[in-house]
Structure formats: structure tokens, C-alpha cells
There are 2 protein chains.
Amino acid sequence: MSSCIGPPPAAPTAVRPREDREQAERIALSAATRHGAHLRTEDVHAWLAERRRAHVFQVDRVPFEELDAWRFERGTGNLVHRSGRFFAVEGMHVVEHDGPYGDGPRRDWQQPVIIQSEVGILGILGKEIDGVLHFLMQAKMEPGNINLLQLSPTVQATRSNYTRAHGGTDVKLVDYFVRPDRDRVIADVLQSEQGAWFLRKSNRNMVVETADDIPALDDFRWLTLGQIAELLHHDDLVNMNARTVLSCLPYRDTTPGAALSDVQLLSWFTGERSRHDVRVRRVPLASVRGWKQGADAIEHEEGRHFRVVAVSVKAGNREVAGWTQPLIEPVGLGIVAFLVHDIGGVPHVLVHARAEGGFLDTVELAPTVQCAPGNHAHLPPADRPPFLDAVLSAPRSRIRYQAVHSEEGGRFLHARSRYLAVDADGTRAALDPPPGYAWVTPGQLRALTRHGHYLNVEARTLLACINAMAAGPGGGAA
Amino acid sequence: MSSCIGPPPAAPTAVRPREDREQAERIALSAATRHGAHLRTEDVHAWLAERRRAHVFQVDRVPFEELDAWRFERGTGNLVHRSGRFFAVEGMHVVEHDGPYGDGPRRDWQQPVIIQSEVGILGILGKEIDGVLHFLMQAKMEPGNINLLQLSPTVQATRSNYTRAHGGTDVKLVDYFVRPDRDRVIADVLQSEQGAWFLRKSNRNMVVETADDIPALDDFRWLTLGQIAELLHHDDLVNMNARTVLSCLPYRDTTPGAALSDVQLLSWFTGERSRHDVRVRRVPLASVRGWKQGADAIEHEEGRHFRVVAVSVKAGNREVAGWTQPLIEPVGLGIVAFLVHDIGGVPHVLVHARAEGGFLDTVELAPTVQCAPGNHAHLPPADRPPFLDAVLSAPRSRIRYQAVHSEEGGRFLHARSRYLAVDADGTRAALDPPPGYAWVTPGQLRALTRHGHYLNVEARTLLACINAMAAGPGGGAA
């Protein structure tokens with residue numbers, strides 16, 4: 001049993017410090033190093049373009065009936081793989097009793113949702129090169145990416161992947177994460193994925209260091225955090241899995257404090273989690289209210305939210321040469337934004353304790369704004385998401401960060417959002433956030449990413465971007 | 001919406017330190033203070049005996065048909081309250097795929113389980129008296145307690161309790177926790193309850209300070225942590241809710257380190273949580289395999305684990321004068337123990353990453369041993385729980401702590417366990433713990449109780465006891 005999780009912690013005879021302060025210094029040095037030892041940042045684009053050309057990779061939409069190993073299960077209508085592995089599309093029924101005592105305004109809806117109980121590994125391998133931590137990033141094709149190939153972690157593997165020998169190159173690298181060297185783990189935490197599209201999905205976010213010689217492989221390059229920070233300012237380049245793993249790195253916090261102490265922040269969060277009463281029940285996909293099934297898509301009756309679709313994939317560099325699969329295709333570009341504001345000279349961001357049906361536990365900390373504006377266009381302004389208009393109408397001078405990033409291309413088709421950090425100066429928000437919102441520092445969010453299920457995946461992406469602002473070309477919010 | 005959770009964090013203009021180091025000193029002072037300002041520790045027993053006499057309180061077992069507001073729901077056989085509130089007894093079906101990749105030894109069982117989705121509040125009010133923090137403890141009757149009345153938190157309230165005016169005295173005190181003063185919160189965290197008996201139950205564990213004059217009430221007394229530590233050495237005196245709240249206090253850690261750094265500990269825990277694949281499904285109580293229903297009890301076919309029973313309660317000092325309700329009655333006295341061992345001069349305890357069907361997420365950290373020995377008596381020694389025999393056969397000289405404590409008397413009938421801390425010197429365990437076990441310091445466990453769902457409720461009780469060893473009469477492990 002122990003072979004998969006590293007040796008048990010045997011026979012210790014001495015203690016070590018609980019915190020490795022040197023680690024934070026090494027992270028800081030890597031973040032400050034904008035010239036990598038192996039590849040110039042400006043050459044990353046050429047390398048990615050070259051890898052894109054090197055692989056035959058074609059994605060076509062197909063009707064459901066052309067899915068070959070997938071079928072709609074008799075009775076439930078759930079969309080399942082014939083092996084019972086990978087994932088399934090089923091339905092969920094969410095009833096949310098909000099308000100002071102669970103008896104306030106009520107939401108009640110049904111929707112398709114991805115069921116994927118297995119915990120996958122998202123792992124980035126680190127190595128000190130010329131005295132600076134570099135990270136092994138992969139040029140990886142995913143069928144749902146608008147540009148197919150993006151910069152991804154060293155390893156992204158479902159349990160189905162890494163328990164079976166597919167013969168892919170990254171299968172060997174997965175051993176660094178399946179059997180991590182206990183003395184070289186930099187970060188290792190289970191984090192949630194999109195609660196609007198997945199039911200209780202977690203992935204294991206890992207950064208592990210090695211001193212081994214790693215063979216040079218065409219699809220892999222070593223980059224510093226400073227280089228990755230610069231790349232995070234480009235659209236559709238650093239994939240979601242890379243962003244969430246990067247957000248879990250133990251950056252140091254050099255600020256003198258925060259508007260709320262850590263105990264106050266945790267207490268506020270506990271209050272929010274207690275206040276929300278979200279009950280979720282799995283229901284057969286065939287019975288999901290408000291959605292309709294066609295030959296090519298399952299979609300919302302008013303065309304909102306997302307569609308379930310199917311694609312056929314041909315690829316030369318994957319473990320298998322071709323396959324078909326379902327994907328979730330969101331409707332329209334998302335907007336994901338933190339309002340940022342200096343309090344007492346320390347940058348803060350406005351987090352939202354957001355309930356999503358698929359979360360393991362009621363709420364997680366989300367960005368100030370997280371929505372697809374198209375889903376709310378039919379509503380009167382007062383019913384639209386708070387701060388959406390403030391973000392959309394912000395002049396260029398108040399935008400501290402922006403880039404369009406893609407969500408996970410293995411499950412989502414062309415799922416893209418504009419991620420922003422927008423200066424709140426001049427908006428009322430800075431003065432008096434409504435219930436469910438709080439001003440916290442990036443340092444506090446970084447401390448929370450040591451633990452699972454505090455920050456949702458969109459907040460983790462924005463945290464990685466904010467880390468990149470600080471470390472990257474322009475300096476910035478934190 | 002904000003009225004129940006305190007004012008929103010409005011208009012901050014300055015930062016404060018993230019950690020309040022002074023708080024840990026105040027906790028340490030209270031723990032070192034063995035003479036309370038209001039009541040001598042040796043007089044606590046007389047006060048409790050007096051309160052026991054002051055209240056008419058009688059508990060009788062009754063057949064299910066004498067339950068007045070409860071019924072077995074048609075079709076499912078679930079045991080429910082006619083209001084739909086409080087809790088219900090349903091069934092759960094647990095399938096656990098353990099082993100390296102979720103494909104190892106397999107467990108599959110069904111059992112009755114308590115469903116209680118509402119988050120309750122367990123709150124202890126603190127106040128500085130003569131320069132020392134005191135905590136307001138309540139002499140509270142609960143029908144399942146073998147001695148009926150035990151020392152409990154200031155407030156233990158289900159949402160159903162505190163959203164309705166029952167007119168009870170502690171209803172006024174609940175306001176300190178429903179609307180906590182943000183500047184006076186000492187601890188506030190959602191923690192799990194017994195995963196073997198509850199499905200995904202969390203309670204909000206809170207310690208909040210006040211400077212208000214609190215009227216003297218017959219059922220309430222102010223005690224220091226040093227006094228409570230001494231009381232924790234008595235059987236059936238400090239109730240489970242008090243113990244779990246006390247375990248969340250921010251004690252300082254003065255040790256130089258630990259066998260595993262915090263990152264290593266978190267990585268090991270993440271590995272354990274990822275390794276276990278536990279899937280739980282609610283099933284109708286009437287269909288639960290391996291259990292049989294009689295007129296007085298629902299019990300396991302081999303008489304193991306627990307019984308679901310019913311009681312009639314008459315009380316003079318409760319919000320309502322009398323009621324009937326179901327309770328869970330475990331079979332036999334439990335054994336809950338930490339092996340303790342000094343590593344590099346620092347006390348450590350051997351934690352077990354334990355899967356329980358009712359946990360929100362696969363495993364939590366549990367004591368080294370946690371079982372009712374009677375449930376395993378029919379098994380050959382090799383199949384009995386690891387370390388059980390080592391604990392049961394430990395000579396008196398190796399027992400650093402022991403007391404019998406009761407589990408929650410509002411849900412469990414005569415559910416008692418012997419809690420122990422046993423010196424591991426001389427056992428093989430100290431040298432080479434098996435997979436799923438790790439040596440950690442009490443300081444590390446205290447840091448983890450700031451967050452939910454790391455320590456199970458039995459481990460939190462033992463942590464409170466270990467804190468009491470350090471602070472209490474004999475000195476001790478940590």
C-alpha cells in the first residue's frame with residue numbers, strides 16, 4: 001500500500017523546523033529571475049509554435065451518435081464511458097437556502113454536471129539550475145483549447161492515466177508525484193475545480209523538486225517563475241492546471257499586516273460557510289429540468305450557461321492516437337476580476353464567499369466578479385452580479401492586470417475568461433463591501449492555498465496572475 | 001442578511017498584524033492559572049451535583065411506537081421528525097476502494113446514519129477576570145449522558161434552537177456567537193462530528209470574548225483553562241462539545257520543531273486523502289443490509305456497532321418540558337488512544353489517517369487507536385485494529401493520561417470511551433509506523449484545528465486532553 005505514496009515516515013530521531021524559511025527565499029529568487037538558464041522567454045512562443053506544427057492534432061465537433069466509447073445510459077440518460085472510467089455527465093439538483101438563518105432568498109435549479117470522482121495529479125517538477133529554481137513546463141495539446149496547445153504542468157494525470165501504461169513520455173515523470181521524495185515536496189494540496197461544472201471534483205496540486213538529470217524532451221522546457229510570470233500576461237498561453245499549481249507555491253509575505261487578522265478572516269469565512277445552506281442531489285441527466293437534448297448538444301432552454309457537446313480528436317503525440325469524447329462548451333466569454341485597493345499602504349483584493357453547486361462544502365473564496373455577462377444580460381441592472389458593471393466600465397488606467405485565459409481543455413471546449421485586476425479607487429465598493437465580500441491581502445490568500453477548498457479555481461488563477469504582477473515586468477499590486 | 005454574521009468588514013483604513021501573538025500568551029496564562037476567580041475547582045463537583053438535584057430530569061427507554069413527534073416514513077422507513085427539522089435516521093451505503101490506486105482491499109457496508117444538515121453552534125464565551133481569561137461553562141443536562149448532567153460550552157445550539165425563541169436562558173447568550181464581535185473572536189471553525197454515526201455533519205466551534213457584564217446564572221460558571229484541564233482528568237465530566245471547542249484554542253507552540261515539517265505533514269495527509277477512494281450513497285433505512293428492526297431497537301444482525309433506540313425525556317430546565325427522541329446507543333465502551341513518543345526531545349503522537357463513511361472528504365486525522373474492542377473480538381489477532389493490543393496491555397507506568405469521556409448526549413445514549421495517551425517506548429510502533437500513520441507534534445495538531453476537517457472529533461478530544469496534561473496537575477506530554 002505504501003508504494004504509491006512514498007515511504008511511510010519511519011524511524012525519525014530528530015526534529016526539523018516546522019517552516020522552511022529558505023524555501024520562500026528560493027521562490028522569491030526564481031520569481032525575480034527573468035532570464036532562464038535554458039530558454040529565453042521571447043523564444044517560448046517560437047517553441048510552442050514549433051511543437052504545434054510537430055503534432056498532427058485535429059478536433060472536430062461530432063453528433064453524439066458518433067461518440068464511439070461513450071453512450072447515453074438506458075434509463076438515466078447519463079452520458080458515460082463504456083469502461084466506467086474517465087468521467088460521466090449526469091444531472092444535479094441544487095437547492096440553496098440563503099439568508100441569515102437559511103430561510104432567506106432561495107435558489108433552486110437543475111443542470112448537467114461532470115462527475116469525476118477520481119483525484120488526478122497536477123504536478124510541476126522543480127530543479128535548481130545555476131542556483132535558481134526552474135520549473136519543467138510542458139507544451140501540451142488539449143482538445144478544448146482554442147489554440148490547442150498551451151503551457152501546462154510537467155504532469156497532468158487522471159488516476160486512469162497513471163495507473164495504466166499508455167507509453168506516453170510524461171508517464172515516467174509522473175513517478176515524481178505518485179511517489180514524491182518527502183524531503184523535496186514544495187507544495188501538495190487537494191484543490192477544487194469549477195463548482196459550476198464539476199460535482200465535488202478535486203485535483204492534487206503538487207510542486208516537487210528533484211536533483212536528477214532529466215532527459216531533454218521536445219515537449220518540455222525549464223522556466224523560472226519570473227519567465228512564467230511574463231507569459232501569464234499573454235492570452236491563452238499558460239493553461240488552467242499550470243495556473244492553479246502555481247497559485248499553491250509558498251511565496252513569502254513581506255507586508256506588515258492586513259485589514260483583517262488571519263483569525264478574523266477565518267471567522268468571517270466560517271460565518272459565510274455556516275450561513276449558506278446548499279443541498280445538492282444527483283439526478284438522472286435525462287430528467288434535468290430546463291435543459292433540452294438535441295443530436296449535437298444538450299443545452300439550456302434559453303441558450304444560457306453552457307452546452308454539452310461531443311468532439312472527435314486526432315492526435316499524433318498522445319498516449320492513444322485518436323478518440324472521441326464529450327466536452328462542456330460555455331456560452332460566451334467569462335469575466336473574472338478582483339477589485340484591488342490599497343489599505344494602509346498594503347494591496348488588498350475583494351474576495352467573494354461564493355456558493356457553487358459542485359463545491360464540497362457550500363462556499364469557497366472567489367474573485368469579486370465571476371460570471372459570463374451574457375447569462376445576465378436579460379436581467380435589470382439591479383439584479384446583475386455585484387461589481388460587474390464597475391469592472392466592465394473601468395477605464396484602462398485602473399486595470400492593473402488583464403489577460404484571457406482558458407479553462408481546462410480536457411473537459412471544456414473554448415471555455416475562456418478575461419481575468420482582470422481592477423483598481424477600486426473611486427468606486428463605492430472600496431468603502432463599504434456588502435455582506436459576502438471581504439478585503440484580504442494576496443499574502444493571506446497564498447497562506448490559504450496551503451489548504452484545500454478555501455480558494456476556488458478562478459480565484460487561484462487570479463492569485464497566480466497577481467503573483468505574476470509582483471514578480472513580472474510591470475511590478476504591481478502585491 | 002448581514003445581521004446574523006456580524007457587520008460586514010467595512011471601510012478599513014489601516015492594517016493590523018495577521019497574527020495576534022498576545023492571544024497565545026493570554027491562553028497560556030489561563031492554562032497556567034489553576035485557581036479561578038469565581039469558583040474553586042474542587043467545588044465544581046458540588047455545584048454540578050447541586051444543579052443535578054435542582055432539575056427534575058428523567059430519561060426512559062421507550063419502544064419506537066411511543067415516539068410522539070417522530071415516525072418511520074412510509075416507503076423509505078427513514079426515522080424522521082414530523083416538522084422535517086432536527087435530524088433524521090436514514091441509511092448509508094459505503095464502498096471503500098483502498099490501496100495504491102483505489103484498487104486494493106475493498107470494504108463495502110451499509111448502516112443506519114444520522115442526517116443533520118444544519119450547522120449548529122458550539123460556543124464558549126471568554127472574559128478577562130482579574131487579568132486572566134475565564135470561560136463560561138454550563139451545567140447542562142443531555143438525555144444520553146450516563147450521569148445526565150455534564151460541563152458543556154456556554155452555548156450549544158442547533159439552527160432550529162437559535163432561530164426560534166424557546167425562552168431558555170442560554171438563548172440570550174447565543175447572540176455572542178450568532179453575531180460575533182469581529183475584534184473579539186478567539187477561534188471560529190467548522191469541524192466534523194463522528195463519521196461513523198453522522199453523514200457529513202459539521203458544527204461551528206467558537207470561542208468569543210466579551211467585556212460585558214454577564215448576569216450570574218445558576219447553570220453557568222466562569223473557569224480558567226487550568227481549572228478545566230484539571231476537570232478533564234475526571235470521568236464523564238467535560239462533555240464532547242466542550243472538548244472539541246477547547247481543542248480549537250490557539251495555544252502557542254514553544255517546541256523547536258517536529259519529525260515532519262508542516263509541508264511534509266500536509267503532503268503526507270494529501271497523499272492519504274488522495275489514496276483513499278470512499279464513495280457514500282444514502283439509502284432508505286428500511287433497506288439497510290445487515291441490520292434488523294425490532295419494536296425497541298434497530299440493531300446489527302451480529303449485535304455489533306450500535307443500536308438505534310428511543311427515549312422519553314422529562315426535564316424541568318429545558319426550553320420545553322418533555323419530549324421523546326431517537327438516540328444512537330453504541331455497543332460497549334470505546335478505546336481511543338494516542339501512542340506518544342519523544343523524538344529529538346519533543347513529544348509526538350502517532351496519528352492515523354482514518355476513513356469514515358460520514359466524513360465530508362475520505363479521511364481525517366484520528367487517534368492511533370479508535371474502536372470498540374467488542375466489535376473486533378471475533379477476529380483473529382492479526383485482523384484486529386493496529387496497536388489496540390499494545391494500548392490495552394500497556395502497564396500503568398506507560399499511561400500518561402486516561403479518563404472516560406462521553407460523546408454527545410443529545411444524539412448518543414451512554415456512548416463512552418476510555419481516552420488514553422500511552423507511552424510507545426518499547427513498542428515497535430515507535431520505530432516504524434505502518435502506512436497511514438505518522439508521528440506529529442501536538443503543536444502541529446493545534447495549528448491544524450484552525451481549519452476544518454483535518455482532525456476528527458475523537459482526535460480533537462484527545463488533543464484537548466493533551467493540552468490539559470501540559471497545563472494540568474501532572475505536567476506531561478506537551
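The values are calculated or read from the model by the stated rules, or taken from the named source; none is laboratory data. Computed from a predicted structure; not experimentally measured. Neighbour counts run over all protein chains shown; Cβ positions are idealised from the backbone, glycine included.
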Somewhere in segment A:251-259, is a residue of a type in the set (Ser, Thr, Tyr), over 30 Å from B:ASP175 (Cα atoms), touching a strand residue (DSSP E or B) at 6+ places or on another chain (Cβ under 7 Å) and within 14 Å of another protein chain (Cβ to nearest Cβ)?
-> yes
Which of the residues that make up segment A:44-82 are closer than 22 Å to A:THR158 by Cβ and free of Cβ contacts under 8 Å to residues at least 60 places away in the same chain?
-> A:ARG71, A:GLU73, A:VAL80, A:HIS81, A:ARG82
Go through segment A:9-50 residue by residue and tally those that are more than 25 Å from B:VAL263 (Cβ to Cβ), of a type outside the set (A, V, I, L, M) and assigned to a helix (DSSP H, G or I).
-> 6
Restricting attention to segment A:51-67, which residues are out of contact with any Asp or Glu (no Cβ under 8 Å at 6 or more places or on another chain), assigned to a loop (DSSP other than H, G, I, E, B) and loosely packed, with under 13 Cβ neighbours inside 10 Å?
-> A:VAL56
Looking at (1) charged (D, E, K, R); (2) farther than 28 Å from B:GLY452 by Cβ; (3) in contact (Cβ under 8 Å) with a residue 60 or more places away in the chain, can you tell me which one B:ASP383 breaks?
-> (3)
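Got a sec? Which strands (runs of 3 or more DSSP E) wholly within segment B:388-452 have at least 1 residues that are modelled with pLDDT of 95 or more, touching a helix residue (DSSP H, G or I) at 6+ places or on another chain (Cβ under 7 Å) and within 14 Å of chain A (Cβ to nearest Cβ)? Full working, then the answer.
Working: elements: B:399-406, B:416-423, B:437-440.
Ranges flagged: B:437-440.
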Condition met for A:ARG71 (at pLDDT 95 or above and either of a type outside the set (D, E, K, R) or closer than 30 Å to A:ARG289 by Cα (or both)) | yes
Which one of these does A:THR224 not meet: (1) within 25 Å of A:LEU190 (Cβ to Cβ); (2) of a type in the set (Val, Ile, Thr); (3) crowded, with 19+ Cβ neighbours inside 10 Å?
-> (1)
Failed item in (1) crowded, with 24+ Cβ neighbours inside 10 Å; (2) out of contact with any Phe, Trp or Tyr (no Cβ under 8 Å at 6 or more places or on another chain); (3) more than 10 Å from every other protein chain (Cβ to nearest Cβ), with B:ASP213 passing the rest = (1)
Is at least one residue of segment B:164-177 at pLDDT 95 or above and within 14 Å of another protein chain (Cβ to nearest Cβ)?
-> yes
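Going by what's in this entry, would A:ASP183 be described as in contact with a Phe, Trp or Tyr (Cβ under 9 Å, 6 or more places away or on another chain) and within 10 Å of chain B (Cβ to nearest Cβ)? Give the derivation first.
Numbers: in contact with a Phe, Trp or Tyr (Cβ under 9 Å, 6 or more places away or on another chain): no; within 10 Å of chain B (Cβ to nearest Cβ): yes.
Spelling it out, it is not the case that A:ASP183 is in contact with a Phe, Trp or Tyr (Cβ under 9 Å, 6 or more places away or on another chain) and within 10 Å of chain B (Cβ to nearest Cβ).
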Here are some conditions: (1) under 30 Å from A:ALA286 (Cα atoms); (2) at pLDDT 95 or above. A:LEU29 meets all but one. Which one does it not meet?
-> (1)
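Quick one: count up the residues across segment B:192-206 that are more than 10 Å from every other protein chain (Cβ to nearest Cβ), under 22 Å from B:PRO250 (Cα atoms) and not in a loop (DSSP other than H, G, I, E, B). Give the steps one after another, and end with the answer.
Taking segment B:192-206 and keeping what is more than 10 Å from every other protein chain (Cβ to nearest Cβ), we get B:192-199, B:201.
The next check asks that each one be under 22 Å from B:PRO250 (Cα atoms); those that pass are B:192-193.
Now drop any that are not not in a loop (DSSP other than H, G, I, E, B), which leaves B:192.
Result for segment B:192-206: 1.
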Residues that are more than 15 Å from the chain's Cα centre (by Cα) and either closer than 22 Å to B:GLY334 by Cβ or among the hydrophobic types (A, V, I, L, M, F, W, C) (or both), drawn from segment B:434-447 | B:PRO434, B:GLY436, B:TYR437, B:ALA438, B:TRP439, B:VAL440, B:PRO442, B:ALA447
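Against the condition on the phi < 0 side of the Ramachandran plot, at pLDDT 95 or above and not in a helix (DSSP H, G or I), how does B:ASP188 come out, does it pass? Before you say what the answer is, go through the steps one by one.
On the way: on the phi < 0 side of the Ramachandran plot: yes; at pLDDT 95 or above: yes; not in a helix (DSSP H, G or I): yes.
Answer is yes for this residue.
Checking the conditions here, which among B:LEU285, B:LEU265 is aliphatic (A, V, I, L, M), more than 17 Å from B:GLY436 (Cα to Cα) and either out of contact with any Ser or Thr (no Cβ under 6 Å at 6 or more places or on another chain) or at the interface with chain A (Cβ under 8 Å from one of its Cβ atoms) (or both)? Walk me through it before giving the result.
Working: B:LEU265 fails: more than 17 Å from B:GLY436 (Cα to Cα).
Only one candidate qualifies: B:LEU285.
For segment B:327-362, which positions are within 30 Å of B:LYS314 (Cα to Cα), crowded, with 24+ Cβ neighbours inside 10 Å and over 16 Å from the mean Cα position of the chain (by Cα)?
Kept after step one, since they are within 30 Å of B:LYS314 (Cα to Cα), are these residues of segment B:327-362: B:327-334.
Among the residues that remain, those that are also crowded, with 24+ Cβ neighbours inside 10 Å are: B:327-328.
Within segment B:327-362, just B:LEU327 meets the criteria.
This table checks each residue for (1) free of Cβ contacts under 8 Å to residues at least 12 places away in the same chain; (2) over 28 Å from A:TYR401 (Cα atoms); (3) surrounded by fewer than 24 Cβ atoms within 10 Å (Cβ to Cβ).
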site: A:ASP183; (1), (2), (3): yes, yes, yes
site: A:ILE186; (1), (2), (3): no, no, yes
site: A:LEU199; (1), (2), (3): no, yes, yes
site: A:ASN203; (1), (2), (3): no, no, no
site: A:ASP235; (1), (2), (3): no, no, yes
Of (1) crowded, with 22+ Cβ neighbours inside 10 Å; (2) within 13 Å of chain B (Cβ to nearest Cβ), A:ASP277 satisfies every one except (1)
